[in-house]
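Each remark here refers to the structure printed beneath this line.
The values are calculated or read from the model by the stated rules, or taken from the named source; none is laboratory data. Given the structure is predicted, the values throughout are model-derived calculations rather than measurements. Ideal geometry is used to build each Cβ from the backbone, glycine not excepted, and the neighbour counts take in all protein chains shown. For the accessible areas, the whole protein counts, side chains as well, though only heavy atoms, and no ligand, DNA or RNA atoms are used. Shrake-Rupley method; radii C 1.70, N 1.55, O 1.52, S 1.80 Å.
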Amino acid sequence: MLYRLRRHPLPISAYFTHSLVLTYAYPVALLQPLLPPGLTVDSYGEYGFLAIAMVQTKRLRPAFLPGALGVDFFLTGYRIFTRFTAKPSLRGLRILRSDTNRRLMAVGGNLLTHYGYVHCQVSTRETEDYLEVNVKSPGGVADLRVMADLKSRPAPLPPGSPFANLDDARRVAGPLPYTFDCEPQTHSIVMIKATRSHWEPQPIAVEVRQASFLEQSPFSAARPILANAFHVENVPYRWERGVVEPLVAA
């Protein structure tokens, strides 16, 4: 019954020193096959969205423990923006892969979630004007090199973005309240609700020098369009216990 343990069974607290998120637009038809039953792509026109989140996290621990017992680590996550088909008003993320520079997080994360943690090497460099992130993954599957221009905040939308304006980008590609897991053993969706405070994301200009995850199938079948990029810092964050929602049989 180990699958029951992977339902995100404990409320978790953490603190985000930095969160840099890149959102890429892809055709809905390309993203939908990557989702399990019960989830559908959250679309804007003809596009759905894949986000790459780069998060410097401090003091992650079960919410009932003091911050001094928490773990500091860096996380990169690849997520599709989705809706829960049984309750379409519920918007959230379906995580495809997560990379972390702490082996403890990779082991513990895969024991308690379906987030697909992989241990990787990460280097970051921050100045007053720039934030640089470099990720080296096993086999180069999810290597990432990004330079964010901190002094550009707030920046206009990237050239070619499908969003009509920044308000649409914030509404569609901003932080979502849920993460959705699939539990095939019980034909259910596990919903994990997130809460945050002091969340004031700023549009930011970025130079993406490498994102090898997007060079692989099925993403290589379409040209990735950088739709939005934002940065936020110094954010207390919390995830609640997972809630299991059985899917209605077809």
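Stretched out straight at 0.36 nm per residue, the stretch from Gln32 to Ala164 would grow longer than its current Cα-Cα span by 45.2 nm.
Kindly flag which residue pairs out of Lys58/Lys136; Lys58/Lys193; Lys136/Lys193 have an alpha-carbon separation exceeding 27 Å in this structure.
Lys136/Lys193
Note on the stretch 1-121: antiparallel DSSP beta bridges, both residues inside, total approximately 90 percent of the bridges counted.
Compute the signed sum of charges (Lys and Arg +1, Asp and Glu -1) over the other residues within less than 13 Å, Cβ to Cβ, of Val235. Residues near Val235 contribute +2 overall.
Selection among Leu226, Gly242, Gln210 by position relative to the dipole of the stretch 195-243 gives Gly242 as farthest towards the positive end (Cβ unit charges, Cα centre). Build a GNM of the chain with springs between Cα atoms under 10 Å apart, and of Tyr47, Tyr78, Tyr115 the one that fluctuates most is Tyr47. Per the 1.4 Å probe, what fraction of the accessible area of the chain, in percent, lies on carbon and sulfur atoms? Roughly 55 percent, rounded to a whole number. Give the shape of the stretch 174-250 as rounded, prolate or oblate, defined through the alpha-carbon gyration tensor: a ≥ b ≥ c are the square roots of its eigenvalues, a/c under 1.5 means rounded, and otherwise the shape is prolate if a/b is larger than b/c and oblate if not. Note, shape of the stretch 174-250 comes out oblate. Residues in the chain average 46 Å² of solvent-accessible surface per residue, probe 1.4 Å, ligands and nucleic acids excluded. Annotation: the antiparallel percentage among DSSP beta bridges lying fully within the chain is about 95.
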